[in-house]
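Working notes, beginning with the structure itself.
The values are calculated or read from the model by the stated rules, or taken from the named source; none is laboratory data. Just so we're clear, the structure is a prediction, and the values are computed from it rather than from any experiment. Every residue, glycine as well, gets a Cβ built from its backbone with ideal geometry; the counts of neighbours run over all protein chains shown. To get the accessible areas, we keep the full protein, side chains included, count just its heavy atoms, and leave off ligands, DNA and RNA. Shrake-Rupley method; radii C 1.70, N 1.55, O 1.52, S 1.80 Å.
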Amino acid sequence: MAFTQKYENKSDELKPANPDFNIVAAAYFDIAELGNALEPLEWQKNLELYKRVLSFDPNFYFADVVFYNIGYLSSTIEKNRIEQGLIAYEEKNIFSLTKPENLRYSEAAYGEAINAYKAIVDNYPRSQYYSEALFRLGYLYFEIGTDAARPVQYYETARSYYDRLISRPADPYLYKALYQRGWTWLNSNSEEA
């Protein structure tokens, strides 16, 4: 972190040369990208680096890439936390038919990821991650629905994201969205499946 601290201290000196370029945000972005490539399983560390990019420059020129990585890493961390927690819980509670609320897929658990993917969908329609963000939003809401007391609303939300992909005939996620949309209908006990 000494490397980035050096840039944080110098950033004000460098701004007059190019006021739109934030060298500190760029340094954190490069470090985050490098961390993701060299230490791909260091999810929390890499997530914090990507979040630092936006803390220094909310309008960073690769903000869509940053949001995508925040969404991906955050959802991966939460899914892993829930799955590991369930394994530990089930080992101790073999005969339990319920599970604790903190070990359920929920909007609270996936909030950071949902917000990151929505930022791409709402603000970066030409991003290379636009279609994948729509798909991942659909998938997160589908997964939340599988664990919800009232799942239909989540399946409907998931379907709305899949429908947006399906309405684009040349979209690379078209067939994945069709497949997943079928599961939302099936899980909703609908004949439209």
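A few comments on the model shown:
- Candidates TYR139, TYR173, TYR161: whichever shows maximal mean-square fluctuation once the chain is modelled as a Gaussian network with Cα springs under 10 Å: TYR173
- Separation of the alpha carbons by more than 25 angstrom is noted, of LYS51/LYS176; LYS51/LYS92; LYS45/LYS92; LYS45/LYS176; LYS51/LYS99; LYS118/LYS176, for LYS51/LYS176; LYS51/LYS92; LYS45/LYS92; LYS45/LYS176; LYS51/LYS99.
- Accessible surface, per residue, of the chain when the full set of protein chains is kept, probe 1.4 Å, Å²: 59 Å²
- FRET E, pair ALA88, ALA149, Förster distance 22 Å, beta-carbon r, rounded to 0.05: 0.45
- In this calculation the C-beta distance from PHE21 to GLN44 is compared with R0 = 45 Å, giving a FRET efficiency of 0.95.
- At most 16 other Cβ within 10 Å, DSSP loop - chymotrypsin sites (Phe, Trp or Tyr not before Pro), segment 24-130: TYR61, PHE62, PHE95
- Dipole magnitude of the chain about its Cα centre (Cβ charges: Lys, Arg +1; Asp, Glu -1), debye to nearest 20: 140 debye
- Karplus-derived HN-Hα couplings along segment 55-67 (A = 6.51, B = -1.76, C = 1.60, θ = phi - 60°), whole Hz, x at Gly and Pro: 5, 8, 8, x, 10, 3, 5, 10, 4, 4, 5, 5, 4
- Karplus-derived 3J(HN,Hα), 6.51/-1.76/1.60, for each residue of segment 78-92, Hz, glycine and proline x: 5, 4, 5, 4, 5, 5, 5, x, 5, 4, 5, 5, 5, 5, 8
- Checking every one of the GluC sites (Glu not before Pro) in segment 139-193 against DSSP loop status and a limit of 12 other Cβ atoms within 10 Å picks out GLU191, GLU192.
- Think of the chain as a dipole: +1 on every Lys or Arg Cβ, -1 on every Asp or Glu Cβ, centred on the Cα centre; then among PRO169, VAL65, ILE77, PRO169 lies furthest on the positive end.
- Residues of segment 121-143 with amide N under 14 Å of a point placed 7 Å along Cα→Cβ from ARG168: 121-138
- ³J(HN,Hα) computed for each position of segment 158-169 - Karplus, 6.51 cos²θ - 1.76 cosθ + 1.60, integer Hz, glycine/proline x: 4, 4, 4, 6, 5, 4, 5, 6, 5, 6, 10, x
- Rounded tilt (10° steps) of 2-14 against the dominant C-alpha axis of the chain: 60 degrees
- For the pair ARG126 and ASN59, label points projected 7 Å from Cα toward Cβ lie 1.6 nm apart.
- Counting protein heavy atoms only, segment 133-193 has 52 percent of its accessible area on carbon and sulfur, 1.4 angstrom probe.
- Carbon + sulfur, % of accessible area of segment 60-106 - ligands and nucleic acids excluded, 1.4 Å: 58 percent
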